[in-house]
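Q: One structure is given below, represented as structure tokens, and several questions about it will come after.
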Amino acid sequence: MRILLLNPPFQGRRYSRTSRSPAVTKSGTLYYPMWLAYAAGVLEKEGFETRLIDGPARGLLDEDIINILKDYRPDLVVIDTSTPSIYSDVKIAELVKEKAKGSFVILVGTHPSSLPEETLRLSESIDAVARGEYDYTIRDLAETLRSGRQLKSVSGISFRDGVGIIHNEKRTLIEDLDKIPFVSSVYKRHLRVADYFFAASFYPLAMIISG
């Protein structure tokens with residue numbers, strides 16, 4: 001199974017979807033797609049063939065996404081979202097569904113987490129949305145799709161069942177964060193560090209989050 005994790009392009013601009021306030025900033029600030037990267041790390045740890053693409057960082061346009069889809073032929077496409085970009089993100093989901101025939105498209109991020117049913121109703125091209133933390137949700141979804149099991153077994157998602165929208169049980173929060181692979185190696189394999197910038201930090205950007 002081939003899995004594409006996509007931080008979708010936004011009008012070919014440096015849209016920082018992972019920022020506290022997602023936007024195209026005057027300073028050019030662009031954060032790593034860290035949440036997608038964590039999910040990619042979990043998938044790779046479980047042996048899934050995975051590709052992480054950051055559209056805003058690479059200045060990608062729709063035609064670039066089409067070429068990636070033709071080349072990679074993903075079975076599962078995970079698309080990050082934010083409320084300011086949601087309509088643009090949905091258009092990318094529709095593009096993916098059209099060009100990657102037979103692929104399963106799931107939207108992740110703050111917007112579908114807050115408004116899962118409303119998000120699903122935005123387009124028939126959205127097969128499911130993840131609610132809340134999705135590091136292990138995507139892993140479980142990939143395993144379910146690969147084995148042909150019912151989607152009802154995947155906690156933390158809402159999906160279409162052909163008749164209506166089903167909201168599976170809420171996924172419990174991750175208790176042992178140490179089991180999640182560090183994202184630094186994911187960045188190294190999939191991204192270009194020089195693409196990321198934060199005006200208040202050294203360049204290239206190194207981000208360490210503690211709590």
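The values are calculated or read from the model by the stated rules, or taken from the named source; none is laboratory data. Everything numeric in this text was worked out from a predicted model, so none of it was measured. Here the Cβ positions follow ideal geometry from the backbone for every residue, glycine too, while neighbour counts run over all protein chains shown.
Q: Give the residues of the stretch 155-188 that are surrounded by fewer than 15 Cβ atoms within 10 Å (Cβ to Cβ), touching a residue at least 24 places away in the same chain (Cβ under 8 Å) and either under 15 Å from Ala37 (Cα atoms) or of a type in the set (Ser, Thr, Tyr) (or both), sorted by residue number.
A: Phe182, Ser185, listed by residue number.
Q: Leu151 - would you say it is within 18 Å of Asp75 (Cβ to Cβ), crowded, with 17+ Cβ neighbours inside 10 Å and within 13 Å of the chain's Cα centre (by Cα)?
A: Numbers: within 18 Å of Asp75 (Cβ to Cβ): yes; crowded, with 17+ Cβ neighbours inside 10 Å: yes; within 13 Å of the chain's Cα centre (by Cα): no.
Judged against the criteria, Leu151 is not a match.
Q: Which numbered condition in (1) touching a strand residue (DSSP E or B) at 6+ places or on another chain (Cβ under 8 Å); (2) of a type in the set (Lys, Arg); (3) surrounded by 15 or more Cβ atoms within 10 Å (Cβ to Cβ) is the only one that Lys99 fails?
A: Among (1) touching a strand residue (DSSP E or B) at 6+ places or on another chain (Cβ under 8 Å); (2) of a type in the set (Lys, Arg); (3) surrounded by 15 or more Cβ atoms within 10 Å (Cβ to Cβ), Lys99 violates only (1).
Q: Output yes when any residue across the stretch 21-36 is in a strand (DSSP E or B) and either within 28 Å of Glu169 (Cβ to Cβ) or touching a Leu at 6+ places or on another chain (Cβ under 6 Å) (or both), and no when none is. Reasoning before the result, please.
A: Step one: filter the stretch 21-36 for residues in a strand (DSSP E or B), giving 23-24, 30.
Now drop any that are not either within 28 Å of Glu169 (Cβ to Cβ) or touching a Leu at 6+ places or on another chain (Cβ under 6 Å) (or both), which leaves none.
Among the residues of the stretch 21-36, not one is in a strand (DSSP E or B) and either within 28 Å of Glu169 (Cβ to Cβ) or touching a Leu at 6+ places or on another chain (Cβ under 6 Å) (or both), which makes the answer no.
Q: Which one is surrounded by the fewest Cβ atoms within 10 Å (Cβ to Cβ) among residues in the stretch 137-148 that are of a type in the set (A, V, I, L, M, F, W, C) and either without any contact (Cβ under 8 Å) to a residue 60 or more places away in the chain or closer than 15 Å to Pro112 by Cβ (or both)?
A: Keep residues of the stretch 137-148 that are of a type in the set (A, V, I, L, M, F, W, C), which gives 138, 141-142, 145.
Of the ones still in play, those that are also either without any contact (Cβ under 8 Å) to a residue 60 or more places away in the chain or closer than 15 Å to Pro112 by Cβ (or both) are 138, 141.
Values: Ile138: 27, Leu141: 25.
Going through the qualifying residues, I end up with Leu141.
Q: Could you please let me know if Asp176 is modelled with pLDDT under 90 and among the acidic types (Asp, Glu)?
A: Numbers: modelled with pLDDT under 90: no; among the acidic types (Asp, Glu): yes.
Answer is no for this residue.
Q: Sticking with this structure for a sec: Read through the list (1) closer than 23 Å to Pro116 by Cβ; (2) crowded, with 18+ Cβ neighbours inside 10 Å; (3) not hydrophobic (A, V, I, L, M, F, W, C), then give the number of the only condition that Thr83 fails.
A: (2)
Q: Checking Phe104 against (1) touching a Leu at 6+ places or on another chain (Cβ under 8 Å); (2) buried (at least 23 other Cβ atoms within 10 Å of the Cβ); (3) closer than 24 Å to Asp71 by Cα; (4) not β-branched (Val, Ile, Thr), only one condition comes out false. Which one?
A: So the condition that Phe104 fails would be (2).
Q: Turning to a different aspect of this structure: Among the residues in the stretch 90-101, are any modelled with pLDDT under 95 and not hydrophobic (A, V, I, L, M, F, W, C)? Working first, answer last.
A: First pass over the stretch 90-101, keeping only residues modelled with pLDDT under 95: 101.
Still in the running and not hydrophobic (A, V, I, L, M, F, W, C): 101.
Scanning the stretch 90-101 turns up at least one residue that is modelled with pLDDT under 95 and not hydrophobic (A, V, I, L, M, F, W, C).
Q: Does any residue of the stretch 33-42 turn out to be farther than 26 Å from Ser147 by Cβ and in contact with a strand residue (DSSP E or B) (Cβ under 7 Å, 6 or more places away or on another chain)?
A: Yes, that holds for at least one residue.
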